[in-house]
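All of the numbers you see were taken from the coordinates with simple rules; none came from a lab. All figures in this text were calculated on a predicted structure; none of them were measured in a lab. Note that each Cβ is placed from the backbone with ideal geometry, even for glycine, and that neighbours are counted across all protein chains shown.
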Amino acid sequence: MSHYAITIARGYGSGGRRIGQKLADRLNIDFVDRELLQLASIESGINEELFGEADERLTKPLLFKNLRKNRVGNVLTPEQNGFISDENLYNYQAKVLRSLLERESFVVMGRAADFIFRDYPNVLTVNIQASREFCVKATMEYNDLSEKEAEAFVAKTDKYREDFYRYYTGQEWNVPSNFDLCLNSERLGDENCIRLIIEAAKLKIGPDFVVPKE
């Protein structure tokens, strides 16, 4: 039996991460989020902190030259120039995800994983969004913020995700054609989103997608 992956992109406050965790539990497979940085550090031998710092540097305007260039590619070895460049650090994350798929099934959050696995028949790519009002309200409750603070936080986080996606893929984030399945968590709720993802996975992945019996 081949392994499979489900990638989930999401707007902040949409509940996408929560849905992803519930989905992984339902399917009895791993849930991969920030753990990917640690796995990439082990694979490359590069300090895990450098992977986090590469993400932070995305906020600097200087990095957004030649945005249309796809930066996902092969990893560089220690003796090559650019071994600890932002692009190479990300490519190690992509390499780890591809290698992980050879060993096990998993749900992965963000990291432009839909782009990394865009040609894989055993991967379902999902995008979960909700209205700004819904996301702001959820953020107010979850982070104990005022409405104004929550609005700024949601906008900043989604802008970061948009910039991250554009920087590493050369494409626009949150475009429906990038994904197999787009869901509105506000209208559907967590449980219906999970059910629809499972049904879509059955259709795309086929016999290799097995749902554990409850």
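Side notes on the structure shown:
- Reciprocal mean inverse distance between Cα atoms of the stretch 154-193 - Kirkwood radius, Å: 11.7 Å
- Inter-label distance for His3 and Arg18, nm, one decimal - labels placed 7 Å from Cα along Cα-to-Cβ: 2.9 nm
- Rg/Rh for the stretch 97-153, where both radii come from Cα atoms and Rh is the Kirkwood radius: 1.18
- Theoretical gain in end-to-end length, Tyr120 to Glu191 [0.36 nm per residue, Cα-Cα removed]: 22.9 nm
- The charge dipole of the stretch 149-214, taken about its Cα centre with unit charges on the Cβ of Lys, Arg, Asp and Glu (plus for the first two, minus for the last two), comes to roughly 220 debye.
- In plain terms, if you count all Cα to Cα distances in the stretch 88-214 and split them into 10 Å steps from zero, the share in each step is 11, 35, 35, 18, 2 percent.
- Inter-label distance, Tyr142 to Val211: 2.5 nm, where each label sits 7 Å from its Cα along the C-beta direction.
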